[in-house]
1. In segment 390-400, is there at least one residue being surrounded by fewer than 17 Cβ atoms within 10 Å (Cβ to Cβ) and touching a strand residue (DSSP E or B) at 6+ places or on another chain (Cβ under 9 Å)?
2. If I ask for residues that are modelled with pLDDT of 95 or more, part of a loop (DSSP other than H, G, I, E, B) and of a type in the set (S, T, N, Q), which ones from segment 97-126 would you list?
3. Just to verify a result, which residue in segment 365-382, among those that are surrounded by fewer than 24 Cβ atoms within 10 Å (Cβ to Cβ) and assigned to a loop (DSSP other than H, G, I, E, B), is nearest to the chain's Cα centre (by Cα)?
4. Considering every residue within segment 393-404, establish whether at least one is within 17 Å of Lys367 (Cα to Cα), of a type outside the set (A, V, I, L, M, F, W, C) and not in a helix (DSSP H, G or I).
5. On the basis of being under 25 Å from Arg204 (Cβ atoms) and in contact (Cβ under 8 Å) with a residue 12 or more places away in the chain, does Met266 make the cut?
6. Under 9 Å between Cβ atoms, which residue pairs at least 6 apart in sequence (or on different chains) link something in segment 72-83 that is outside the structural domain of His28 (by TED's automatic domain parsing) with a partner that is among the charged types (D, E, K, R) and part of a strand (DSSP E or B)?
7. List the residue pairs whose Cβ atoms are under 7 Å apart, where the first residue sits in segment 6-18 and is of a type outside the set (S, T, N, Q), the second is modelled with pLDDT under 95 and not in a strand (DSSP E or B), and the two are 6 or more positions apart or on different chains.
8. Of these, Pro133, Pro160, which one is touching a residue at least 24 places away in the same chain (Cβ under 8 Å) and either surrounded by fewer than 19 Cβ atoms within 10 Å (Cβ to Cβ) or part of a loop (DSSP other than H, G, I, E, B) (or both)?
Amino acid sequence: MTLRPLSAAKSPALKGAADIPGDKSISHRALMLGGLAVGETRITGLLEGEDVHATAGALRALGVTVVREAPGSWTVQGVGVGGLAEPSQVLDMGNSGTAARLLLGVLATHNLTAFMTGDHSLVKRPMARVTGPLSRMGADFVTRGGRLPLVVRGAVNPIPIVHRMEVASAQVKSAVLLAGLSAPGETTVIEPAATRDHTERMLRHFGGTISTGLLEDGATAITVRGQPELIAAPIVVPGDPSSAAFPAVAALLVPGSEVRLSNVGMNPLRAGLYETLVEMGADISFTNAGEAGGEPVSDLIVRHSALKGITVPAERAPRMIDEYPILAIAAACAEGTTHLEGLAELKVKESDRLAMIAAGLQACGVKIEVGEDSLTIHGTGHPPKGGATVATAFDHRIAMSFLILGLVSDEPVAIDDATAIATSFPTFEGLMAGLGAHITASRG
């Protein structure tokens with residue numbers, strides 16, 4: 001594999017406006033549910049990163065017609081719930097754990113056999129968290145240690161279940177709910193803490209029946225009624241709040257900056273980072289509020305701010321699990337100590353993100369302490385020294401986060417490989433350059 005090293009150096013004030021690419025989580029779901037609906041679904045604003053292309057390719061292999069009409073504009077000719085065809089080729093999900101786990105849910109209750117794999121990073125990520133409950137629904141999986149590559153033999157007679165999750169996970173919840181579409185009766189997932197609800201919102205958008213209820217122990221039960229006829233409906237994909245986090249934090253850290261980020265998804269179950277940044281003293285205005293595809297959206301106006309360290313509680317983790325790498329960069333430049341709790345899930349992301357964040361910060365001169373599921377970052381109120389080349393382990397969020405640090409550190413910060421950025425934010429370099437950021441090719 002050819003590496004693509006990049007380097008970021010101290011930048012002048014970031015100015016201007018930018019359109020954030022479509023939300024990755026919603027893009028995956030729009031394609032999948034469009035494929036299970038009856039009729040033609042038109043999707044506007046679809047993220048055209050490599051992860052989403054992998055989902056589109058898998059659906060085509062399963063008999064769904066997916067066509068790119070124009071940049072960000074796609075159509076999906078659905079085959080109806082239970083109507084997917086057995087694929088004649090291996091389903092390669094690339095780097096996307098979300099796509100792999102959600103599609104396993106869809107396949108688990110179709111009477112077909114499919115082979116699934118992924119890239120060198122995805123095959124290291126655990127799948128047992130979804131194959132366990134899906135096996136109870138009648139599916140059969142053959143895996144190597146609970147990881148990809150695997151074989152799924154979908155249930156001939158799917159069984160609805162009640163699944164109580166020990167650890168809150170939107171991917172597990174969504175996989176079971178999607179499997180429940182092809183099962184008779186009602187399938188219920190009980191989650192100990194609220195996780196992103198894009199699947200529930202979109203199922204309702206397509207005419208599915210979803211109910212939620214609070215249990216006595218504080219957990220939430222989400223129930224889907226099986227064997228519906230989902231009806232094709234247009235989807236407008238909002239800007240991805242996880243992608244918006246990178247230019248937003250850059251604007252907070254680079255002196256004199258003010259940027260406007262348009263049409264960013266503000267689902268309250270995804271907005272934990274922005275809540276945290278405001279607690280740290282961030283000057284962020286949320287304007288032009290509206291709705292896109294059943295999701296709340298806002299424009300963000302972000303201005304340079306002096307941040308202070310805080311404690312971020314574990315219960316907030318499900319609402320910002322993808323944003324901890326860039327939050328760690330903000331904390332490294334804040335005044336005082338920031339303590340992050342409830343980080344166990346970071347160990348099974350595209351990389352062991354807890355270890356990768358810690359190693360990168362230390363290499364850049366930041367004092368930290370790492371726990372089993374926590375990270376303490378000691379900020380001085382000034383950017384750290386930098387001057388390191390950070391290993392990314394093909395993790396897009398690690399790559400982008402440390403490039404943002406390089407925009408303010410005393411010495412440039414390089415990353416060993418930017419290739420993974422294309423999986424979620426293919427316009428990252430151009431967008432940041434348009435705001436004035438100094439990110440250039442590096443010799444490694």
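1. The answer is no; no qualifying residue exists.
2. Thr109, Asn111
3. Once the filter is applied, the top-ranked residue is Asp373.
4. Looking through segment 393-404, none of the residues is within 17 Å of Lys367 (Cα to Cα), of a type outside the set (A, V, I, L, M, F, W, C) and not in a helix (DSSP H, G or I).
5. When the stated conditions are applied, Met266 passes them.
6. Qualifying pairs under 9 Å: none.
7. Hits for this filter: Leu6/Ser442.
8. Just one listed residue meets the conditions, Pro160.
The values are calculated or read from the model by the stated rules, or taken from the named source; none is laboratory data. What you see is a predicted model; the values in this text were computed from it and never measured. For neighbour counting, all protein chains shown are included, and Cβ atoms are generated from backbone atoms with ideal geometry for every residue, glycine included.
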